[in-house]
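> Submitted below is the structure of interest, expressed as structure tokens.
The values are calculated or read from the model by the stated rules, or taken from the named source; none is laboratory data. Bear in mind the structure is a predicted one, so any value in this text is a computation, not a measurement. Note that we place each Cβ from the backbone using ideal geometry, even for glycine, and neighbour counts take in every protein chain shown. Side chains included, ligands, DNA and RNA excluded: accessible areas come from the protein's heavy atoms. Shrake-Rupley method; radii C 1.70, N 1.55, O 1.52, S 1.80 Å.
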Amino acid sequence: TGNNQGILTTTGLTQTITGNIGSSISLDLNILNIGSDTDATNYSTTIINGNVFANSTVLNNNGTTNSSELIMGSGKNITSTITTADANMGILTLAGGTQIVTGQVGTNGNKLAEVNAGVAGSSTTFVNDVYATNLDVEGTGTVNLDGNFTGTAVRYNADGTVILADTKNIDSSVTTATNNTGTLSLEGSSTVIGQVGASG
């Protein structure tokens with residue numbers, strides 16, 4: 001009933017939410033916790049088949065053992081920052097269709113373990129910076145980076161495409177699982193720090 005009010009926490013190994021969380025940027029939830037922020041053993045894989053409007057989305061993990069995962073249903077968007085309570089833990093998965101992630105993903109000090117996007121027929125846009133150990137392009141879809149990417153690797157698992165916006169940078173290596181697959185498109189003045197591809 002008011003902007004930035006309310007906390008929703010999903011607990012249990014698998015949860016599904018079928019509707020929207022919040023309704024707009026003027027009536028967004030305060031905090032969406034994936035996994036408990038009070039019980040360190042209670043991580044969660046949560047599927048959301050609606051749009052998310054939240055001030056903050058936090059992946060709470062089981063120490064360094066099990067990551068919580070947020071799976072955004074096909075064609076659904078998230079308007080929220082997405083952070084992890086533990087460095088190099090927590091997974092964000094974009095299921096497909098046309099999807100937009102508006103807020104910053106991770107931080108330089110607390111990167112997510114994985115961001116998964118780019119399944120066949122999909123177009124995912126990250127409006128702000130992404131900090132993750134790995135950005136996995138899972139299929140032949142397109143991942144639009146309108147902010148910077150900082151991590152260990154951009155990994156192509158199929159013949160997908162990453163489009164990096166003008167003046168934005170990639171601070172990681174760029175690898176592909178199969179020879180002669182993967183497209184990296186630099187749309188303007190950018191710097192890629194790290195090896196791109198590998199010999200053979």
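> So in the stretch 30-47, with the set limited to residues that are open to solvent by 30 Å² or more (accessible area, probe 1.4 Å) and under 20 Å from the mean Cα position of the chain (by Cα), which one is nearest to Thr65 (Cα to Cα)?
Tyr43
> Of everything in the stretch 137-152, what is open to solvent by less than 10 Å² (accessible area, probe 1.4 Å) and either in a strand (DSSP E or B) or charged (D, E, K, R) (or both)? Give them in sequence order.
Result: Val137, Val143, Leu145, Phe149.
> Sticking with this structure for a sec: Failed condition for Ser67, given (1) farther than 19 Å from Asp86 by Cβ; (2) under 15 Å from the mean Cα position of the chain (by Cα), with all others met?
(1)
> Moving on to the next point. Can you run down the residue pairs with Cβ atoms below 7 Å, 6 or more apart or on separate chains, where the first is in the stretch 117-138 and aromatic (Phe, Trp, Tyr) and the partner is in a loop (DSSP other than H, G, I, E, B)?
Taking only residues 6 or more apart or on different chains, the pairs are Phe126/Asp146; Phe126/Gly147; Tyr131/Gly106; Tyr131/Thr107; Tyr131/Asn108; Tyr131/Lys111.
> Does the stretch 89-111 hold any residues that are more than 21 Å from Ser44 (Cα to Cα), in a strand (DSSP E or B) and open to solvent by less than 20 Å² (accessible area, probe 1.4 Å), and which are they?
Gln99
> Identify, please: which residue in the stretch 182-200 is outside any strand (DSSP E or B) and more than 15 Å from Ala153 (Cβ to Cβ) and is, among those, modelled with the lowest pLDDT?
This residue is Gly200.
> A further question on this structure: Report, by residue number, each residue of the stretch 165-190 that is open to solvent by 70 Å² or more (accessible area, probe 1.4 Å) and free of Cβ contacts under 8 Å to residues at least 24 places away in the same chain.
If the condition is that a residue be open to solvent by 70 Å² or more (accessible area, probe 1.4 Å) and free of Cβ contacts under 8 Å to residues at least 24 places away in the same chain, then Thr167, Ala177, Thr178, Asn179, Asn180, Leu186, Ser189 are the ones that fit.
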